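S.K.: Sharing a structure here in structure tokens format.
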Amino acid sequence: MVNGVSHPVVCKPFDTLLTVLREDLGYFGTKFGCGIGYCGACTVLIDGKSAHSCCLIATTMSDRKISTIESCDDDPVIQKIQDQFLKEGAIQCGYCIPGIVMTVRGLIEESGQRVITEEILRGHLDGNICRCSGYASIVRASLKACVDE
Ligand code: FES
Ligand code: FES
């Protein structure tokens, strides 16, 4: 189930979730960076928790609810995060941003009523790399989105 839609997919036994999302289903907002769980460009939500889709075998995902950055149209929380990124100018080439937005979305989901501090946020973003190195504005925008929740 991707973004609320069930997608029957025939894939190879060791195709990753990232491969299926991009190549079979056309969700190109989810990016390929390192392919080894290091950069976070491929981050999606699985049952509300952020995960690196390049490290997951697609055939293990048959009963899971997956959200990609394309779910933003139906998710006001993602829209709020995106608004803060725009306000803070936290986007350079943009390649890492969908993964970062989904990581922040997952943090907000997991935190419930718990206050998200900068320390918690930075810890959570540890698995997301921005090669344009715009970390200061990314953290600022993400924190504003978390506090605003
Ligand atoms: S492409 Fe998945 S973590 Fe880098
Ligand atoms: S904005 Fe370019 S990689 Fe992060």
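S.K.: Could you tell me whether any residue of the range 100-122 is buried (at least 22 other Cβ atoms within 10 Å of the Cβ), of a type in the set (D, E, K, R) and more than 12 Å from ligand 2 (Cβ to nearest atom)?
M.R.: Yes, that holds for at least one residue.
S.K.: Could you say which residue among 54, 72 is assigned to a helix (DSSP H, G or I), within 16 Å of ligand 1 (Cβ to nearest atom), under 17 Å from the mean Cα position of the chain (by Cα) and within 20 Å of residue 25 (Cβ to Cβ)?
M.R.: Selected residue: 54, the only one of 54, 72 that is assigned to a helix (DSSP H, G or I), within 16 Å of ligand 1 (Cβ to nearest atom), under 17 Å from the mean Cα position of the chain (by Cα) and within 20 Å of residue 25 (Cβ to Cβ).
S.K.: Now for a different question. Going through the range 84-129 one residue at a time, which ones are within 23 Å of residue 32 (Cβ to Cβ) and part of a loop (DSSP other than H, G, I, E, B)?
M.R.: Within the range 84-129, 90, 91, 92, 93, 94, 95, 96, 128, 129 meet the criteria.
S.K.: Taking residue 134 as meeting all but one of (1) more than 19 Å from residue 30 (Cα to Cα); (2) within 16 Å of ligand 1 (Cβ to nearest atom), write down the number of the exception.
M.R.: Among (1) more than 19 Å from residue 30 (Cα to Cα); (2) within 16 Å of ligand 1 (Cβ to nearest atom), the lone unmet condition for residue 134 is (2).
S.K.: Out of the range 1-30, which residues are open to solvent by 20 Å² or more (accessible area, probe 1.4 Å), under 14 Å from residue 99 (Cβ atoms) and part of a loop (DSSP other than H, G, I, E, B)?
M.R.: Within the range 1-30, 27, 28 qualify.
S.K.: Restricting the search to the range 65-83, which residues are under 22 Å from residue 39 (Cβ atoms) and out of contact with any Pro (no Cβ under 6 Å at 6 or more places or on another chain)?
M.R.: 66, 67, 68, 70, 71, 72, 78, 81, 82
S.K.: The conditions are (1) in the same structural domain as residue 104 (by TED's automatic domain parsing); (2) over 20 Å from residue 143 (Cβ atoms), and residue 83 fails exactly one of them. Which is it?
M.R.: (2)
S.K.: I'm trying to understand the selection: among the residues of the range 31-54, which are closer than 17 Å to residue 94 by Cα and either of a type in the set (Asp, Glu) or surrounded by fewer than 24 Cβ atoms within 10 Å (Cβ to Cβ) (or both)?
M.R.: Once the filter is applied, which keeps residues that are closer than 17 Å to residue 94 by Cα and either of a type in the set (Asp, Glu) or surrounded by fewer than 24 Cβ atoms within 10 Å (Cβ to Cβ) (or both), the range 31-54 yields 31, 32, 33, 34, 39.
The values are calculated or read from the model by the stated rules, or taken from the named source; none is laboratory data. All figures in this text were calculated on a predicted structure; none of them were measured in a lab. Neighbour counts are summed over all protein chains in view; Cβ atoms, including those assigned to glycine, are modelled from backbone coordinates with ideal geometry. All accessible areas refer to the heavy atoms of the entire protein, side chains included, with ligands and DNA or RNA removed. Shrake-Rupley method; radii C 1.70, N 1.55, O 1.52, S 1.80 Å.
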